Amino acid sequence: ACGSGGTPAATSANGTTTVNLSEAVHNLGYIDLYVAQHEGYFTQQGITLNLSAAGGDSQAFAAVLGGSAQFALGDATLAEISREKGGDGLVLAELVSRAQYFAVSKKISTPFTDPKQFAGLTFVTSPPPNTNHSVLTNSIVQAGLDPTKDVHITTVSPGTEIGPVLAGQADVAVAYEPNVDMAVVQDGAHVLYSWADAIGEFTNTGLQARESYVRAHPDVAQKIVTALQMGAQHVYQDPDDAKAIARTEFPNLPPQVVDAAIQRQIDNHIPAESTVVSQQGWSTLMNLGRQLGNCSCNVPFDQIIDNSFAQHASATVQGQ
Amino acid sequence: MSATVTTTVALNDVTVRFGDYTAVEGVSFEVPAGSFVSIVGPSGCGKSTLLNLVAGLGEPASGSVHNAVLAEGRRIGYMFQRDLLLDWRTVTQNVALGLEAQGAPRREARARAGELLPTYGLAGFEAFYPCQLSGGMRQRAAFARTMSIEPALLLLDEPFSALDYQTKLKLEAELLLGFRRSGGTAVLVTHDIDEAVAVSDVVLVMSGRPGRVAAVHEVPFAATGLAPVEVRKIDGFGHHVRAIWQEIES
Amino acid sequence: MSATVTTTVALNDVTVRFGDYTAVEGVSFEVPAGSFVSIVGPSGCGKSTLLNLVAGLGEPASGSVHNAVLAEGRRIGYMFQRDLLLDWRTVTQNVALGLEAQGAPRREARARAGELLPTYGLAGFEAFYPCQLSGGMRQRAAFARTMSIEPALLLLDEPFSALDYQTKLKLEAELLLGFRRSGGTAVLVTHDIDEAVAVSDVVLVMSGRPGRVAAVHEVPFAATGLAPVEVRKIDGFGHHVRAIWQEIES
Amino acid sequence: MTADQELSRAAAPELPAAPRPAGRQDAAGRRHRSLWVAIVLDVVLLAIGLASWQFAVDAGSVSPLLYGSPELIWQTVVRGLGSGAMLHDAATTAVEALCGFVIGNVIGAAVGVGLWCSRLVEQMLRPAIALLGATPIAALAPIVIVWAGTGVSSKVVMSAASVVVTALVLAFDGARGTDPLQIRMLRSMGAPTRRVFRLLVLPSSLTNICGGLRLTAGLALIGAIIGEFISSDSGLGHAILIAGSLYDVPTVLANLIVVGLLSLVLLAAVGRLERVILRWRFLAMAGR
Amino acid sequence: MTADQELSRAAAPELPAAPRPAGRQDAAGRRHRSLWVAIVLDVVLLAIGLASWQFAVDAGSVSPLLYGSPELIWQTVVRGLGSGAMLHDAATTAVEALCGFVIGNVIGAAVGVGLWCSRLVEQMLRPAIALLGATPIAALAPIVIVWAGTGVSSKVVMSAASVVVTALVLAFDGARGTDPLQIRMLRSMGAPTRRVFRLLVLPSSLTNICGGLRLTAGLALIGAIIGEFISSDSGLGHAILIAGSLYDVPTVLANLIVVGLLSLVLLAAVGRLERVILRWRFLAMAGR
Ligand SMILES: Nc1ncnc2c1ncn2[C@@H]1O[C@H](COP(=O)(O)OP(=O)(O)OP(=O)(O)O)[C@@H](O)[C@H]1O
Ligand SMILES: Nc1ncnc2c1ncn2[C@@H]1O[C@H](COP(=O)(O)OP(=O)(O)OP(=O)(O)O)[C@@H](O)[C@H]1O
Ligand SMILES: [Mg+2]
Ligand SMILES: [Mg+2]
C-alpha cells in the first residue's frame, strides 16, 4: 500500500549485492543463518550481508516495512498480520521448523508425559504473543485446563524465563536455547517437556520480505534463500562444525552450554533442514494464531508463502 | 503649573494598595521639566512605590499618573533601591548594560563604560565581578549604569545610601553639574535631608502609614549651579534643613 | 590594654588579599570588653572585610586575629551589609531565626520575635514576606534578628544606612541604652560620622586602597549613658565630629 | 498578543497572589484569557492535525498499518473503555507510577539534600550516582526479575529507579546553591550544622525539589511502563507490549495517549503541591 | 572529618577561584585532599564488595548464572577488549549518545528559553511537552524504525528525544526565574523584548541550562541504548540486548560498566564546560 518495495539493495562495483537482514533476536535458534555466514555461503552467492538485531519480531519486520532492511527473520505471523491489514508481507523460507521450547524446572525432576500435569504449577514465559506463551496456553487448553485458574502464568521479557525458576520463585520455565542448557549444565535443572516433540512441524521462524521487493529483485531473494539452505544442510551434515561456529558466534557463553544446546536443537529437529515452508508447519502456526486471537489467519497459503525460491534452492543445493 | 514650563511628571490623587494594605493614599505632585524633586519620609512610607508608579511599573488603585517622558518614548534612567547588577557581568560590562540595552554596539558600549568608571571611583575594578565588590562599589556601579544612558528623566532611589560622605559629595556634584545642566529632570528618594536640600528644587516631605504628602518645600540652592559641597556652606542652607526637620517632626 | 579591662577583639598587623588585590594592609586595633568601636572610611576601604575577619569568616594573609567571644564559644551577632532575610519566612519568622538558630523551640522563638517587632517599627507587618517589605523595613528586620539573640559581641555593618533620621535615632537608642547597658561589646561600620561619634567609645578612621588605619579617635559621649539624640546636642559633639572630618580629609 | 505585551509574563506570577497592586488584576485576567486561547488553539490545531491524518489515510497516501489512523485509534479507545480493560490497565500503571514517583522523589530528595552535610560522602557517591543515572533499567531485566520478582513491586522499583537520580541531583544542586552568606550568618549566630541544615539548607532546596517533582512525573510513568515491558500481566505497558509485538500501531498509540493523560494529571497535582510548598515564591513573583 | 568542618564546603567553590583570601588556600587544599580520600575509600569499598561477591559465588551461595560474578565479568571485559569488539561497541554508542546529547540539549535549551518570549505558545506547547516527557520511546519501536530506520540516525533521534524534555523544562524554568526587577530595569532603560532576552534572560538561564547538561548526560546514553535495543548491529546496547536474551548476566553487567564509564567521561566534560560558562558563579562561591 505504501511506496515501492523498500530501499533496493545496493550493488557494488565488484558485483556483490549488499543486503540488510534484520533478525528478531540474536539467538542459537538461528544457527542455520550463522553457519551460512561463517561458511561464506552468502559471499559465494555474491551477497554482502549486513545483519542487525532487533529487539523482537515486530521490530525486525518494521525494519522491512520502513525500508531499512530488505529481509526480516522472525515470527512469520507478522507477515500474515501485515497482509490482513493491507500490507504485502511475504514468507520466503523457513529457518526454525519446530516449536523450540522446553519446560525447564529446578524443583521438579520427573518429565511431564501429559500437559494435564501442568495443573497447579507456576509457569514463567514471555508475554503474548511470543510463541512460548502461545504453545504453553495452547497445551493447557488442549489438556482441558483453564489457563487463568488451573495454572499460574508469569510473563517476563524474552530470554529471562529461567531466572525466576532458578531463583525458586516459579516452578517451570518455558525456555529455549541456550537458556535451557545453561540451566541444565550450570545449575542442574531438568528438562521436563519438549514442545518441539509435542507439536511436530511448526513454522516457528520465517524469512520475510515485502512482496513488492521480492518481485523487483527475485535474484537477490534467491541468493539469500540459497545461502540459508546451504547453511541448513551443513548444520545437519556437520554438527560439530555447527557447534564450533556457534561457539565463536557466542563467545561469552560457556562452550559446553553451546555444544549441549546445539545438540539438543539438532536432536529435536529445531533448525530447519529444508528452508521450504511446510504446509503442515504453517497451518499449525496459523491455527495457534487464530486460537489466541493474534490474527484471523485466513490468507491462503500460496498467497502468503512463496516457496519457489526455497524449492529451487533445495533442488540446486542438493544437486551439489 | 505655569504656561511656559511643561510638566514632566504629574501624580494626581494617587492611591496604591497591595492587597488589603494601603501603601500610599491621595498623593499628588508635579515635577516640572528640568527640575529636581526630592522625596523624604520615614522608612516604609511609600517612596519607592511612588517611584515605581512614575516609571510606569505598577498602576495605582485610583488616581492618575502622567509621565511625559514615558509617553514620548524617551529614555528613563531608574536606579532601584537594590543595585540589580548582573552577577555574570564584570563592572565594565554592568555599566555598559545601559547602553547595550539601548542598542549600542557591545564594543562601543563597553568602551564608553570603561571611560565612565573613573568618575565613579571604580577605576582599577573593571574586571571585578559584582560578588567581588564592596557594598558601596556596587551602588556606584549601578549609579554609573543609570547615568550612562543620559536619560531625559532620572529616578533615583537612595542612590548614595551606602557611600561615605566624600564619595557622596563627589557623585552629587556629578549629578547636579553634569546631569542638571544637560536639562534633565530628576526625582530623588533620600534619607539625607542635607542632600535633598543641596540638590533639589523641591523637597516633598511624606508621612507614613499610609504614605501621604505632609509638606512641599521649595529650595533655592540647586538653581544656583554651585557644587553641592559649596551649597552646604551657604548661609541659608541650615535654615532650610531645619525647616524640613520641623515639617517631618510635626 | 590595661590589666583590668580584658580585650574582646584584637587585630595585629593584619593584611587581607583577594588574589592579587590587597584589600587591607597592616591593620591593628583592639576592642576592649564592653566598649563600642566604630569604623569609618571611604567606600571600598575594607571595613566589611575587617568585620568578616573578626567574625572568623576568613583568614588574613598575614597578621593575627583574636576574638575572645568566638574562642569561648559565646554568641556573636553579625549584621551583614546585605540583609540576608530568608525569602520564605515572614517578618516574624525571619526575626525568630536568630533564636531558632540558637536552639530555642520554634514556638517560643516566634513569640519572642513577635514581641520584638514593635521596637523596630515592624508592628503590623508580622505576616509580610521579605519581598513585600520596603528597603528600610528589611534592614530593620535584619537588625531585629541580630539583636534578638542578645549576643556578647555585636558586629554591625552599616545597620542603619537605609533608614530615615528619626528611625535611625530610635534604633541607635535601642542599641546603646539596651545593648550597651547589658555589658556587650560592639564593632560598628558606618558612613555617618555623627552616628559614630554619638554611639562609640573609639572611632577608627580608615583610608583606602589598600585599607589602613589612618587615625584612632577616642570619644567620650557613649560612656555618658545618654540617648544618642541627647548626645548630639552636647556642646563638645560638633568638635569631635569636625576633628574626625579633618582626619578623614587629611 | 505582541511580544511586548507578552513580556509582562515573566514579571508576573503563575497564580494570582494575594497582595499586589489592584491595577494588576488586569494582568491576571489577561493571563487567564491567554490560557483559554491556548486551549482553544490547541484543540483546533489537534483537530486539523487529526483530520488531515485521517484524510491522508483515507486517500491512501499514509499507511494505517505503519502509522495507524485517528479512526482506528478512536475505535481502540472506545473498545478499551467499553470493556473496562483500558481503565484497569490505566489504574494499574497509575498506581505503580505514583508509588515509584513518591518513593523515588522521597529517597532522591532526602539523599540529595543530605549529601550537603558531608563532602566526603558526596564525593564518594558521585560515581555511583553517575552510573545509576546512565543505567538503562531495561538492560537489567534478568537481574531485576530475580531480585524484585514479577509483581507490582518490581514496577514500583523500576519507576522509583528512573526517578531517583534526577530527584537526587536536583535536590543536591538546590542544597549546594544555598546562599553561602546566609550559611555564615546562621553559623555566626551559633547554629550547629544540623540546625543550619534544617533552618536554611532544606527550605532553600525546596524550589529545586519541586522542580524535580515536575521533571520526574514523566520519568516515573516511563519507568513503570518499562517495568511492565520486563514482566507484567496488566497495565498500559503490558497492553503496549502486546500490541507492539502484533504490529498493532493504533493500540500502541491509544495506550500512549492514556499514558500522556496520566502524566498531565500527575503534573497538575504536582503544580498544586508546588503552589502550597512555594507560596512565598508566587508572592515574590507577584510583588514588585 | 567532622560535620562542622564539612560545612565549609557549601561556602566553598567547586574550583579554586582566582581572588580569595590567601588563608583560604588551606580550604582548597582540604577539599582536594578529601577528593583523594573519597577515591581511595571508593576503591576500597568496591574491592571489598567485589571480593565478598566472588567469595559468595565460590562458596556456592550466590548463583553466577543469575547474578554473574566479578571473575566472569572480568573475563568478559578482557575478552571484549582483546577482540576489540567492546571498544568498537563503546565508540558506536558514545558517538550516538554524544550526538543525541548535543542535539537534544541544543533544541531543548533553545525552545525552553525561547518559550519565555511568548506565554501563549508556552501554554499551547505545555501539554505536548508533558506528553513527550511521559512517552517511553521503546513503546514506539515499530514506528520509530519505520520513520528513522535502523541506522545510527535512529539512535541519535532516540537519544535526543530522551534528553530534550528535561533540557527544555530546565531551560524554561531558568528563563522564567529571571529576576523580574532586572527585567523591569532593562525595560525602563529602553530595551525591547528582544534585547531583554539577549542581555538578561538568556545569560541568567545558563545556570539552569548547565544543570540540564548534567542531568541529561545519563539520559542521552540511556536513549542511545534503548535505540540499540530496538534495532542495531553494534553498540553497547546491541551487546546488552544479545547477552540479555541469552541470559548472559556477566556480559550484560560488563557492558553496563562501560556505559557507566562513558557517562563519567561525559559528565567530566560537562563539568569542564560548566566552569567555563559559569566562571562568575565559581568566583561568587569562592568570594565572601
Ligand atoms: N509587593 C508588596 N506587597 C505588599 N506590600 C508591599 C509590597 N511592596 C511594598 N509594600 C508595602 O508598601 C509600603 C511602602 O513600601 P516602599 O518600598 O514604597 O517604602 P519606602 O518609602 O521606599 O521605604 P524605604 O525608605 O524603607 O525604602 C511598605 O509598608 C511595604 O510593606
Ligand atoms: N571576594 C572578593 N574578591 C575580590 N575582591 C574583593 C572581594 N571581596 C572584597 N573585595 C575587595 O576588597 C575591597 C574591600 O571591600 P570591603 O567590602 O571590605 O569594603 P568596605 O569598606 O566594606 O566598602 P563599602 O563601604 O563600600 O561597603 C574592595 O575593593 C573589594 O573590591
Ligand atoms: Mg524604598
Ligand atoms: Mg562594606
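General observations
- Segments C:16-29, A:271-284 sorted - mean Cβ within 10 Å per residue, highest first: A:271-284, C:16-29
- Backbone amide hydrogens, once placed in the peptide plane, bring A:I153 within less than 5 Å of A:F123, excluding anything fewer than 5 places away on its chain.
- Taking each DSSP H run with n ≥ 4 as -39500 (n - 2.57) and averaging over every residue of chain A yields -12000 deg cm²/dmol at 222 nm.
- The ellipsoid that matches the Cα gyration tensor of the protein assembly as shown has semi-axes, each √(5λ) in whole angstrom, of 76, 34, 26, with the longest given first.
- Cβ-defined net charge surrounding C:G98, 10 Å radius [Lys, Arg +1; Asp, Glu -1]: +1
- Surrounding net charge for D:M86, when Lys and Arg each add one and Asp and Glu each subtract one, Cβ distance under 15 Å: -2
- In segment A:84-127, the trypsin sites (Lys or Arg not before Pro) that fall in loop regions by DSSP, at most 13 other Cβ within 10 Å: A:K107
- Other residues within the sphere of radius under 12 Å centred on the Cβ of D:S263, judged by their own Cβ, net out at +2 (K and R +1, D and E -1).
- Rg/Rh for chain A, where both radii come from Cα atoms and Rh is the Kirkwood radius: 0.97
- Taking chain A as a Gaussian network of alpha-carbon nodes connected by springs under 10 Å, the highest mean-square fluctuation of the residues A:G46, A:G86, A:G67 belongs to A:G86.
- Per residue, chain C reaches -9000 deg cm²/dmol at 222 nm when only DSSP H runs of four or more residues are counted, each adding -39500 (n - 2.57).
- Within the listed set E:V40, E:V144, E:V78, the Gaussian network model of chain E (springs between alpha-carbon atoms below 10 Å) gives the highest mean-square fluctuation for E:V40.
- Whole-Hz couplings from phi, Karplus 6.51/-1.76/1.60, listed for segment A:92-108; x for Gly and Pro: 9, 7, 10, 10, 10, 9, 9, 6, 7, 10, 10, 7, 10, 9, 9, 6, 9
- Shown here are the Rg and Dmax of the Cα trace of segment C:84-165, at 11.8, 36 Å.
- Å³ per residue enclosed by the Cα convex hull of segment D:69-189: 170 Å³
- Relative contact order of chain C, pairs being alpha-carbon contacts under 8 Å that are 6 or more residues apart, as %: 25 percent
- Ratio Rg/Rh, restricted to segment D:48-123 and using Cα atoms, in which Rh is the Kirkwood radius: 1.36
- Here, P(r) means the percent of Cα pairs in each 10 Å bin from 0 to the largest distance; for segment C:52-132 it is 16, 39, 27, 15, 3.
- Other protein chain C-beta atoms within 10 Å of residue C-beta, averaged over C:80-87: 6.
- Our coupling estimate for segment A:147-152, obtained by passing each phi through the Karplus curve with A = 6.51, B = -1.76, C = 1.60 and θ = phi - 60°, is x, 8, 10, 7, 10, 10 Hz, Gly and Pro reported as x.
- Applying the criteria of a DSSP loop state and at most 13 other Cβ atoms within 10 Å to the trypsin sites (Lys or Arg not before Pro) of segment C:167-212 yields C:R181.
- Angle between chain B longest axis and helix B:91-101 axis [Cα atoms, degrees, rounded to 10]: 70 degrees
- Size descriptor, Kirkwood hydrodynamic radius, that averages inverse alpha-carbon separations across chain E, Å: 22.0 Å
- Alpha-carbon Rg with Dmax, taken over segment B:66-110, Å: 12.6, 36
- Projected-area average for chain C over all orientations - Cα convex hull basis, square nanometres: 13.8 nm²
- Average other protein chain Cβ within 10 Å of Cβ, residues A:297-307: 0
- Integer Hz, Karplus 6.51/-1.76/1.60 couplings in order for segment D:111-116, x for Gly and Pro: 5, x, 5, x, 4, 4
- Dividing the mean sequence gap of close Cα pairs (under 8 Å, 6+ apart) by how many residues chain E holds gives a relative contact order of 27 percent.
- Derived value for segment D:163-213: Kirkwood hydrodynamic radius 11.1 Å. Basis is the mean of 1/r over every pair of different alpha-carbon atoms.
- Amide proton proximity set for C:T8, modelled H, under 5 Å, gap of 5+: C:V31, C:A33
- Between helix C:237-249 and chain C there is an angle of about 60 degrees, using the helix long axis and the longest principal axis of the Cα atoms.
- Rounded to the nearest 20, the size of the Cβ-charge dipole of chain E about its Cα centre is 1760 debye, with Lys and Arg at +1 and Asp and Glu at -1.
- Amide hydrogen proximity for C:A23: with H placed 1.01 Å from N in the peptide plane, the residues at 5 or more positions away or on another chain lying under 5 Å are C:V16, C:R17, C:F18.
Quick note: the coordinates plus some simple rules give every number you see, no bench work behind them. In this text the structure is predicted, and so the values were computed from the model without any measurement. Every residue, glycine as well, gets a Cβ built from its backbone with ideal geometry; the counts of neighbours run over all protein chains shown.
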